Amino acid sequence: PSLREGMKLVRLHAGSEGFDEGMLLGWHGASDEAISNIVEKGFNLCCAGTGAGSMFGRGVYLAENSSKADLYAGPYSHTAHKGKMSVILAAAYCGNMYEAKTRGNWMEPPAPTAAQTQETGIRRFDSVLGQSRAEGGVVDHREYIVFDKAQAVPIAVVTYRHGAACKCSRCCSGA
């Protein structure tokens, strides 16, 4: 969907007290060209992982922290860049999340074990939650991965640039 259509969908899902259960906001960083394509056509799973890898498989990756999305924004990910960059704020239906503490090469969320189904009643997972190292996982900051482009809708583009005196990890990378 277009950005305008995406915003309408988010409003449909948002109640008077906020988002429906299972709806989350997350940040997505990419090149300017990819950002334009996402805004125009929505997320494209055929492009998943082509710009920055796919630790948890080929899906739409949304970060809990905008600083994580910043690492993937601009012309070259993970390198110092003082020019204009953009990240997308997206709404995603994550539903029942599989909590991943290790890498996985998934094309869809893994199936729950019999024990998980018995304990929680969950018969299928809708997304993957990449757990942070602080939670015993393999990423610095949590990220949400959905495997159906209909589950993630871009709702805003934030354009910015790092200041000359910026001391973030990206600007101090030495590149």
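No value in this document is a laboratory result; all are computed from the given coordinates. Remember, predicted model here, so these are calculated numbers, not experimental data. Reconstructed Cβ throughout: ideal geometry from the backbone, glycine too, with neighbour counts over all protein chains shown.
Along the Cα-to-C-beta direction of residue 113, a point sits 7 Å from the Cα; which residues of the stretch 119-138 have their amide N less than 14 Å from that point?
Residues passing the 14 Å test: 119-120.
Which of the lysines could a cross-linker span from residue 101 if the Cα-Cα distance has to be under 30 Å and same-chain partners fewer than 8 positions apart are dropped?
68, 149, 167
Using mean Cβ contacts within 10 Å as the protection proxy, how do 80-86, 166-172, 141-147 order, highest first?
Working: 80-86: 15.7, 166-172: 13.3, 141-147: 23.0.
Top to bottom by mean Cβ count within 10 Å: 141-147, 80-86, 166-172.
What ranking, highest mean first, results for peptides 56-67, 92-103 when packing means the other Cβ atoms within 10 Å averaged over each residue?
Result, highest mean first: 56-67, 92-103.
Mind checking the log10 I(q)/I(0) for the stretch 119-175 at q = 0.13 Å⁻¹? Debye, one equal scatterer per Cα, no solvent, two decimals.
The Debye formula, applied to the Cα set alone, gives -0.64.
Between residue 67 and residue 40, what is the label-point separation in nm under the 7 Å Cα-to-beta-carbon projection?
3.4 nm
At q = 0.11, 0.15 Å⁻¹, what log₁₀ I(q)/I(0) does a Debye calculation on the Cα points of the stretch 23-140 give, no solvent, two decimals?
One equal scatterer on each Cα of the stretch 23-140 leads to -0.40, -0.71.
Would you work out the charge dipole size for the stretch 53-159 about its Cα centre, treating the Cβ of every Lys and Arg as +1 and the Cβ of every Asp and Glu as -1, and quote it to the nearest 20 debye?
Roughly 280 debye for the stretch 53-159.
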